[in-house]
Amino acid sequence: MLANIGVTGLAVMGANLARNFARNGYTVAIHNRSVEKTDALLEAHGEEGNFVRTESLEELVNSLEKPRRVLIMVKAGAPVDSVIEQLVPLLDEGDIVIDAGNSHFDDTRRREASLAEKGLHFVGVGVSGGEEGALLGPSIMPGGSRESYDALGPMLEKISAKYDGEACCRWIGTDGAGHFVKMVHNGIEYADMQVIGEAFDLLRHAAGIEPAEQAAIFADWNKTELSSYLIEITAEVLAQVDAKTEKPLVDVIVDSAGQKGTGRWTVISALELGSPVSGIAESVFARGLSSQREQRAVAQTALSAGVEEIRDLPADFVEDVRQALFASKLVSYAQGLDMLSSAAGHYNWDLKLDEIASLWRAGCIIRARLLDEIMKAYADGEAPKNLLFAPTFSRVIADAVPAWRRVVSTAVRLGIPVPVFASSLSYYDGLRRDRLPAALTQGLRDYFGAHTYQRVDQEGTFHTLWSGDKSEIEAVDTH
Ligand code: 6PG
């Protein structure tokens, strides 16, 4: 019997996706560079469904029904190109090559264009949900041509997570759109984790609440509008006691956060698009700072704290922190979605923000109750220009602002870093502000570089003769 799909690359994510297809009734041809992994999968899980064991890419390709669907799950970067290079000569027109790893969307665009020239479809698919999601139902963000989605989409929808019975998988848009959206998902994931960390730090070091007690607080918060996978697992991680030392596990974990790169890519891409994802950027920088361990060690003695004694914390500080966390989280989502709007224009993708929010409601790492509301905010009537303008959210955030300000100012006075709480609040205030000091920036640019400016009361572009008689002239717009 010919297989419905082939999977090459059987490390945990690839193996779990292959098993997910098989458990959903598809016949799955499997291949790995070293055959041991293939055999290990068959031995441990072979009875879960129909697998076809193959030892080479050629055998894999020959075992597939047409159009062939070959899913690659190898390390992002050169390994993906290498597998594609080996696969292409074995394929026929109309076959579909799928890259389900965390590839950079620019690589996906390049690969899609190159395979299209050969009559092949290349589909970059964002897959979120970690190892468990891959097996039990991830959130899936496929790019590539619409035509390829017709042949592949139903299978992906079947293995995806479901929210109220709805598949968390939709065609996102052409070429690299799927990987782009997954990248921004990860940027939001970084910010989500950082705001949780900031809340934890404040509760611990401003309010003196130990991890075990915080575990209960986070579990309670998970019953509020903050309800989400990341808050849920925060409660579990904080409750964990290290068997060796009997200390909270969080106290024996080295405090330098790693990163594989998708958060950094989000920020680089946002800079290119001119999209102000300040919360996401601060969360990437916070990981960077945490990893500068040598400098941090020197700073222990080299830098003075200059903190204030605060005798009385704001009355309900824990609730204040919860509200600040929610407001900051909302800003990160707003920034991520705004970045998607900018990208849609720039890359010519028809990104539907309500659909994207809908497929993040289950299966993925940032799944949260909030996403259902976000989906509705974009689906009902005219979509807001910014998520924060949607009536549900502008109201919620208005209620949270006083607490948010109290928390940020308390943190600043105590010397507790809250880069995302603070930058999100600045973003909020920056958006709200009638006049920004950007006017002065423009004046300065005009002074030293004759970069010109526009006036609030007159059309045109102007320049002041700063080194002359300081009169104003109409100028050619040089920005
Ligand atoms: C997911 C995750 C997953 C992975 C990221 C994050 O959506 O399932 O985002 O893709 O955990 O690679 O990794 P870093 O934190 O190492 O960048």
_The listed residue being on the phi > 0 side of the Ramachandran plot and either surrounded by 15 or more Cβ atoms within 10 Å (Cβ to Cβ) or not aliphatic (A, V, I, L, M) (or both), out of Gly25, Gly46_ = Gly25
*Residue pairs meeting the criteria (Cβ under 6 Å; at least 6 apart or on separate chains; first of a type in the set (S, T, N, Q), in the range 185-211; second within 15 Å of the ligand (Cβ to nearest atom))*: Asn186/Thr262; Asn186/Gly263; Gln194/Ser283; Gln194/Ala286
_So for the range 202-221 (the condition being in the same structural domain as Val420 (by the TED database), within 16 Å of the ligand (Cβ to nearest atom) and either touching an Asp or Glu at 6+ places or on another chain (Cβ under 9 Å) or of a type in the set (A, V, I, L, M) (or both)), does at least one residue qualify?_
no
_Residue list for the range 393-413, restricted to those being within 22 Å of Ala286 (Cβ to Cβ), surrounded by fewer than 19 Cβ atoms within 10 Å (Cβ to Cβ) and either free of Cβ contacts under 8 Å to residues at least 60 places away in the same chain or touching a helix residue (DSSP H, G or I) at 6+ places or on another chain (Cβ under 9 Å) (or both)_ = Arg405, Ser409, Val412
*Would you mind finding the one in Ala450, Ala403, Ala383 that is at pLDDT 95 or above and in the same structural domain as Leu230 (by the TED database)?*
Ala403
_Considering residues of the range 294-328 that are open to solvent by 100 Å² or more (accessible area, probe 1.4 Å) and outside any helix (DSSP H, G or I) only, the residue nearest to Ile231 (Cα to Cα)_ = Ala315
*Number of positions in the range 358-380 that are surrounded by fewer than 20 Cβ atoms within 10 Å (Cβ to Cβ) and either under 26 Å from Gly129 (Cα atoms) or not assigned by the TED database to the domain that holds Asp338 (or both)*: 5
*Answer yes or no: is there a residue in the range 152-169 that is crowded, with 24+ Cβ neighbours inside 10 Å, under 17 Å from the mean Cα position of the chain (by Cα) and not small (Gly, Ala, Ser).*
yes
_All positions within the range 250-290 that are within 14 Å of the ligand (Cβ to nearest atom) and either of a type in the set (Val, Ile, Thr) or at pLDDT below 95 (or both)_ = Gly258, Gln259, Lys260, Gly261, Thr262, Thr266, Val267, Ile268, Ile280, Val284
*Candidate set from the range 130-147 (those that are within 15 Å of Arg19 (Cα to Cα) and in contact with a strand residue (DSSP E or B) (Cβ under 8 Å, 6 or more places away or on another chain)); member that is farthest from the ligand (Cβ to nearest atom)*: Gly137
*All but one of (1) farther than 20 Å from Leu330 by Cα; (2) away from the ligand (no atom under 16 Å from the Cβ); (3) surrounded by 14 or more Cβ atoms within 10 Å (Cβ to Cβ) hold for Lys247; which doesn't?*
(3)
*Kindly establish whether Ala18 is in the same structural domain as Met155 (by the TED database), open to solvent by 30 Å² or more (accessible area, probe 1.4 Å) and small (Gly, Ala, Ser).*
no
*Looking at this structure, is Gly101 on the phi > 0 side of the Ramachandran plot, outside any helix (DSSP H, G or I) and either within 16 Å of the ligand (Cβ to nearest atom) or touching a residue at least 24 places away in the same chain (Cβ under 8 Å) (or both)?*
no
*Given the conditions (1) free of Cβ contacts under 8 Å to residues at least 60 places away in the same chain; (2) open to solvent by 40 Å² or more (accessible area, probe 1.4 Å); (3) under 21 Å from Gly101 (Cβ atoms), report the number of the one that Ile30 does not fulfil.*
(2)
_Looking at the range 221-237 only, could you name the residues that are open to solvent by 60 Å² or more (accessible area, probe 1.4 Å) and out of contact with any Lys or Arg (no Cβ under 9 Å at 6 or more places or on another chain)?_
Lys223, Glu232, Glu236, Val237
*Taking Lys260, is it in the same structural domain as Ala324 (by the TED database), out of contact with any helix residue (DSSP H, G or I) (no Cβ under 8 Å at 6 or more places or on another chain), open to solvent by 60 Å² or more (accessible area, probe 1.4 Å) and of a type in the set (Lys, Arg)?*
yes
*Could you grab me the full set of residues in the range 414-460 that are over 36 Å from the mean Cα position of the chain (by Cα) and on the phi > 0 side of the Ramachandran plot?*
Ala450, Thr452, Gly460
*Which residues, taken from the range 89-119, are among the hydrophobic types (A, V, I, L, M, F, W, C) and either open to solvent by 10 Å² or more (accessible area, probe 1.4 Å) or not assigned by the TED database to the domain that holds Arg23 (or both)?*
Leu90, Leu91, Ala113, Ala116
*What is the residue count in the range 239-269 for residues that are over 12 Å from the mean Cα position of the chain (by Cα) and either assigned to a helix (DSSP H, G or I) or basic (Lys, Arg) (or both)?*
10
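The values are calculated or read from the model by the stated rules, or taken from the named source; none is laboratory data. Please read these numbers as outputs of a predicted model, since none were measured by experiment. Please note: Cβ atoms are built from the backbone with ideal geometry, for glycine as well, and neighbour counts cover all protein chains shown. Side chains included, ligands, DNA and RNA excluded: accessible areas come from the protein's heavy atoms. Shrake-Rupley method; radii C 1.70, N 1.55, O 1.52, S 1.80 Å.
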